[in-house]
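Student: Sending over a structure as structure tokens; questions will come in a sec.
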Amino acid sequence: MSTKDWIDKDFYKILGVKKDATADEIKKAYRTLARKHHPDKNPDNAAAEARFKEVSEAYDVLSDAKTRKEYDEARSLFGGGGPRFPGGFGGGGGGAGSGGAGGINFDDLLAQMRQQGGGAGGPAGAGGVGGVFGDVLGGLFNRGGQRTSVRPARRGADVESEATISFAEALDGVTVSLRLTTDEPCSACSGTGAAAGTAPRMCPTCNGTGQAVRSQGGFALSEPCRACLGRGMVVDTPCTTCAGSGRGRSARPVSARIPPGVTDGARIRLKGKGAPGENGGPPGDLFIVVHVSAHPVFGRAKDNVTVTVPITFGEAALGADVPIPLPRGGKVTLKVPAGTANGRTFRVRGRGATRRDGSMGDLMATVEVAVPRALSDEARTALAAYVAAADEPDPRAQLMSITTSTKGGT
């Protein structure tokens, strides 16, 4: 990433979040925008593809706590109208790396800031300089306006895909095959951007660094070279396949292991399975959003599987051995004791979803008393005889007494 990216780009604005947004808020904003502008959902839409890359770049910076801190420091120190050092940088007589009238010696400043490391007493209260931020400054402040660093390797973009699996596959995990479309080096020119039989030449403007230095307010700023668009090479005869960009779209198969016990809507990360990096950088990651198909009989409650089991009034009153199905096939006998109330839940251990540690959740069976819609004359006579013989107390007596006393009190 160039220095200009760190200074001029507002990654928070790109993702549509506030500067103090939490990691979860940043992730949620990225997922929404990435899904909206994903090239697979917007074929042949250059604007959507550019927006997707912009969103991915912003997420790469803000999703990592250390990189986000260094980015905030760089923006605070150099963004929005120039550096914020006490007294500012002098505008006359002193160029980059000099200490002319009203100016400051940039080499001494850089050395001082690096010595202060992670301390809070750095210039302009920047909170110290380290890691990527130090590299940014090293590229900004250089002797004689000459760029001394080379283009850094760049991590490949993250890729997001979706997979739909069955209810049974979600219980124990499954390996799925996906076909991903990613941005990769052009196969026709092997990423050089030059037509067959030709080769790119070093950019004479930036001497192959891909960066150009311009003066602003008495100090040097590094930005992508406009002549070669930051590539460090100039193509005289462009490749007809990629129009000289060196990049192309490529479809490739990927096998992804969905872990056991996954739930609907889960997001699985496969490290290094995303788009290839640039300039020797590592590949991005692949994120898979899992959709679990609903089952006509079973449901899920975390690691447990749920099922509703109809029983007759006689089975509930007298007790019975009731066969119930299992989510992986087969059946088990549920012992329903006499006097079981409607809605009672029984636990069948070890018949639920597989957990990450290999243990199993349970099957939670809830009984539901089935009331017959019609009775024969014989059944009606027998039921009436039962009601008369049972001589049961009024089950609503307490309910009625509470409502009556409440009404009387008002």
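No value in this document is a laboratory result; all are computed from the given coordinates. Since we're looking at a predicted model, the values are computed, not measured. Please note: Cβ atoms are built from the backbone with ideal geometry, for glycine as well, and neighbour counts cover all protein chains shown.
Student: Quick one: which of Lys9/Lys53; Lys27/Lys69; Lys69/Lys271; Lys41/Lys273; Lys19/Lys66 span more than 18 angstrom between C-alpha atoms?
Tutor: Values: Lys9/Lys53 14 Å; Lys27/Lys69 16 Å; Lys69/Lys271 23 Å; Lys41/Lys273 20 Å; Lys19/Lys66 15 Å.
Going by Cα-Cα distance, Lys69/Lys271; Lys41/Lys273 fall outside the 18 Å limit.
Student: For Val159, list long-range residues whose amide hydrogen, built 1.01 Å from N in the peptide plane, is under 5 Å from its own amide hydrogen.
Tutor: Long-range HN contacts for Val159: Ala275, Asp285, Leu286, Phe287.
Student: I need the phi-derived Karplus couplings for region 181-195: 6.51 cos²θ - 1.76 cosθ + 1.60, θ = phi - 60°, integer Hz, Gly and Pro marked x.
Tutor: For region 181-195, the Karplus-derived couplings read 10, 10, 8, 9, x, 4, 6, 6, 10, 6, x, 7, x, 9, 5 Hz, x marking Gly and Pro.
Student: Right, something else. In terms of modelled amide H atoms, which long-range or inter-chain residues lie less than 5 Å from the amide H of Ala320?
Tutor: Residues meeting the criterion, in which the H sits 1.01 Å from N, are Val336.
Student: How large is the dipole of region 299-405 about the Cα centre if only Lys and Arg carry +1 and Asp and Glu carry -1, each at its Cβ, rounded to the nearest 20 debye? Before the final figure, lay out the partial values.
Tutor: Values: 14 positive and 11 negative charges, 170 e Å.
Using only the charged Cβ atoms, the result is roughly 820 debye.
Student: Considering amide H positions built from the backbone, and no H for Pro or chain starts, which residues 5 or more places from Ala370, or on another chain, come under 5 Å of its amide H?
Tutor: Those lying under 5 Å, H to H, from Ala370 are Ile311, Thr312, Phe313.
Student: Of all the Cα-Cα pairs you can form in region 262-362, what percent are over 18 Å apart? Don't skip to the answer; put the middle values down first.
Tutor: On the way: 3177 of 5050 pairs.
For region 262-362, the share of Cα pairs beyond 18 Å comes to 63 percent.
Student: Please report how far the C-alpha centroid of region 278-331 lies from that of region 371-393, rounded to the nearest whole angstrom.
Tutor: 38 Å
Student: Let me ask something additional. Step through the residues of region 261-271 one at a time and calculate ³J(HN,Hα) from phi using the Karplus curve (6.51 cos²θ - 1.76 cosθ + 1.60, θ = phi - 60°), rounding each to whole Hz and writing x for Gly and Pro.
Tutor: x, 5, 10, 4, x, 5, 10, 9, 10, 10, 5
Student: OK, next. Could you pull the Rg and Dmax for region 167-297, using just the Cα atoms, both in Å?
Tutor: For region 167-297, the Cα radius of gyration and maximum Cα-Cα distance read 21.9, 73 Å.
Student: Let me ask you something else. For region 299-405, which semi-axes, largest first and in whole Å, follow from the square roots of 5 times the eigenvalues of its Cα gyration tensor?
Tutor: Numbers: eigenvalues 248, 76, 23 Å².
Three semi-axes, in Å: 35, 20, 11.
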